[in-house]
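Reviewing the structure listed below.
The values are calculated or read from the model by the stated rules, or taken from the named source; none is laboratory data. This one's a predicted model, so the numbers in the text were calculated from it and none came from an experiment. With ideal geometry, Cβ positions are generated from the backbone for all residues, glycine too; neighbour counts draw on all protein chains shown.
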Amino acid sequence: MRYALLSLLALGLALPTAAQTTYGVRAGLNVSDVVGFDDNDIAVGIDKTPSLGFVGGVFAEVPVSPRFSIRPEVLYSRKGVSFDPSDDFVDDIVDFDSGISLGYIEVPVLARVGVPLGQFLDAGLLVGPTFAFKVSESFDANGSVGGVDFDLDDLITEDGEDAFETFDFGLAVGAEVGSGPFYVDLRYTPSLLNANRNDSDLAPTLRNSVFSVTGTFKFGR
């Protein structure tokens, strides 16, 4: 974390500026999924549903021209997925508590294109790569349906190893709108790498997929 913050500061100082660099904080909610599980990977009667998690951190906005800037960020991002009984299965034959929870330190490096909307309202389009470093993993996918046990761990883990890779790379696409120092940021960040550490032929290719909504405060605006 310390090295990521130093990298953010160094990038903010190194890039050429047409105006003063702006610093800020953002925090909000992830709605995340793990894409790659198909119907054969999960027991009959089990639905995969999105997981909610916290996302937040700091950023620097470095102007290159009046409407274009580079925006490196350092975020903590909670991702994952949940497994729940299907609606047409009754509770007395379904017994499980399953889900994947992943914590990342994420470093997006975004291009921001400003879109002025008026004297008091400002918007920006955001796009760029994201570099994610896993710092925690919780995986619980065991239970039974109709008395038949299932164990999802066997599909994506190796003995004694975490299920998910420690590094992930993705692409963030989004937009923000605000007035003064206050902004609302909407963003979609799909992973471009296989996050599954199990490389056997039967193992699914798994990728994080995250929608996020955050509030942003920009200092000095």
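Comparison of GLY147, GLY180, GLY170, GLY215 shows that the only residue that is at pLDDT 85 or above and at positive phi is GLY180. Residues that are at pLDDT below 90, touching a strand residue (DSSP E or B) at 6+ places or on another chain (Cβ under 7 Å) and assigned to a loop (DSSP other than H, G, I, E, B): does the range 78-85 have at least one? For the range 78-85, residues at pLDDT below 90, touching a strand residue (DSSP E or B) at 6+ places or on another chain (Cβ under 7 Å) and assigned to a loop (DSSP other than H, G, I, E, B): absent.
The residue that is nearest to VAL25 (Cα to Cα), counting only those in the range 172-219 that are in contact (Cβ under 8 Å) with a residue 12 or more places away in the chain and of a type in the set (D, E, K, R), is LYS218.
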